[in-house]
1. Among 128, 181, which is the only one that is surrounded by 15 or more Cβ atoms within 10 Å (Cβ to Cβ) and either assigned to a helix (DSSP H, G or I) or out of contact with any strand residue (DSSP E or B) (no Cβ under 8 Å at 6 or more places or on another chain) (or both)?
2. Can you tell me which of 218, 158, 169 is part of a helix (DSSP H, G or I) and farther than 27 Å from residue 19 by Cβ?
3. Given the structure, is residue 201 closer than 16 Å to residue 12 by Cα and either within 13 Å of ligand 2 (Cβ to nearest atom) or part of a helix (DSSP H, G or I) (or both)?
4. Give the residue that is surrounded by the most Cβ atoms within 10 Å (Cβ to Cβ), with candidates limited to residues of segment 220-242 that are in contact (Cβ under 8 Å) with a residue 24 or more places away in the chain and out of contact with any helix residue (DSSP H, G or I) (no Cβ under 8 Å at 6 or more places or on another chain).
5. Looking at segment 30-47, which of the residues that are in a strand (DSSP E or B) and farther than 28 Å from residue 206 by Cβ is farthest from ligand 1 (Cβ to nearest atom)?
6. Restricting attention to segment 45-64, which residues are surrounded by fewer than 22 Cβ atoms within 10 Å (Cβ to Cβ), within 26 Å of residue 186 (Cβ to Cβ) and within 12 Å of ligand 2 (Cβ to nearest atom)?
7. Among the residues in segment 190-198, are any in contact (Cβ under 8 Å) with a residue 40 or more places away in the chain, within 16 Å of ligand 2 (Cβ to nearest atom) and farther than 21 Å from residue 288 by Cβ?
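The values are calculated or read from the model by the stated rules, or taken from the named source; none is laboratory data. Because the structure is predicted, anything quoted here is derived from the model rather than measured. Cβ placement follows ideal geometry from the backbone for every residue including glycine, while neighbour counts extend to all protein chains displayed.
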Ligand code: ATP
Ligand code: LTN
């Protein structure tokens with residue numbers, strides 16, 4: 001608890017360009033959580049280097065991601081938005097937790113298996129230990145809840161296991177975090193392959209709408225979206241392409257699938273694609289305008305980066321000191 005509120009922690013990697021999936025499935029849903037929770041949203045740049053990065057690009061993307069958080073409507077006064085690398089407690093706690101995590105547990109992580117298959121020339125120890133750093137992120141803030149997608153559930157489970165193991169040895173040190181489901185964020189699928197999720201690391205750029213795409217690009221991608229030959233707009237698993245377009249429409253307009261189906265009753269696929277494209281372009285143009293405004297507000301953004309790193313550091317170090325004391329590291333001399 002901080003100020004009588006439960007703590008919520010989440011993070012996003014600054015690798016690749018953010019997609020409509022990241023926005024509708026995560027960012028957009030984070031906007032109002034600060035009323036109920038003390039929220040920490042981290043740009044997890046230390047996670048990013050588990051895959052080789054170009055330094056200038058990483059630096060730029062990390063800053064852009066922080067500005068995107070704000071442009072998406074996450075209020076930097078009410079939420080703590082910061083870079084992982086600015087709070088050294090993340091790396092320090094991760095080291096400690098490494099010593100309380102078993103190789104066998106890490107060997108079961110499916111993301112490690114996927115990523116090491118993808119980057120066979122760089123299967124580094126950091127990639128293997130990635131979930132331990134994620135556990136440190138969460139446990140440092142004594143987070144009660146963590147909004148994560150399905151693909152990160154395994155990492156949240158290992159976080160809970162590590163925390164429980166640590167607590168069973170040293171007493172109640174860590175809060176055991178729960179997944180946050182809240183209002184279910186839409187799972188957005190690729191426009192080119194509606195059976196796979198829209199993802200920033202997809203090699204086919206036509207499958208994803210990027211948050212910085214201009215209106216023409218957005219309309220073109222929707223025009224080319226894969227549908228089917230049923231020629232009927234229904235919300236059903238048998239029509240994954242149409243269902244995905246309806247999901248996108250619903251998430252942007254806050255309507256239910258039934259309402260959306262009614263809106264498009266008797267209309268053709270072409271019309272549906274155009275309407276969804278327009279809706280998305282409207283949303284993203286607003287976000288882009290705000291992003292470009294923030295780009296010019298260098299001093300304002302720098303101020304947020306500095307203040308929030310201090311704020312996050314304060315809470316994180318409190319937990320770190322407690323952990324260090326529990327495991328027997330010598331006291332600091334003041
Ligand atoms: P990568 O391709 O690098 O794995 P990603 O695009 O799948 O990245 P993540 O960085 O793993 O995205 O996820 C960031 C957040 O966005 C998570 O909360 C995740 O659940 C959400 N998210 C990502 N893709 C989608 C999607 N297609 N639909 C809904 N939510 C998504
Ligand atoms: N692994 C996550 C990003 C991430 C995270 C976290 C999410 C790093 N640390 C802590 C929630 C809580 C991802 O790739 N989406």
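1. That would be 128, the only listed residue that is surrounded by 15 or more Cβ atoms within 10 Å (Cβ to Cβ) and either assigned to a helix (DSSP H, G or I) or out of contact with any strand residue (DSSP E or B) (no Cβ under 8 Å at 6 or more places or on another chain) (or both).
2. Criteria check complete, one pass: 169.
3. yes
4. 241
5. Ranking the candidates gives 38 first.
6. Residue satisfying the conditions is 48 alone.
7. Checked segment 190-198: at least one residue is in contact (Cβ under 8 Å) with a residue 40 or more places away in the chain, within 16 Å of ligand 2 (Cβ to nearest atom) and farther than 21 Å from residue 288 by Cβ.
Residues checked against (1) assigned to a loop (DSSP other than H, G, I, E, B); (2) within 30 Å of residue 163 (Cα to Cα); (3) under 22 Å from the mean Cα position of the chain (by Cα):
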residue: 278; (1), (2), (3): no, no, no
residue: 290; (1), (2), (3): no, no, yes
residue: 304; (1), (2), (3): no, no, yes
residue: 308; (1), (2), (3): no, yes, yes
residue: 315; (1), (2), (3): no, yes, yes
residue: 318; (1), (2), (3): no, yes, no
residue: 323; (1), (2), (3): no, yes, no
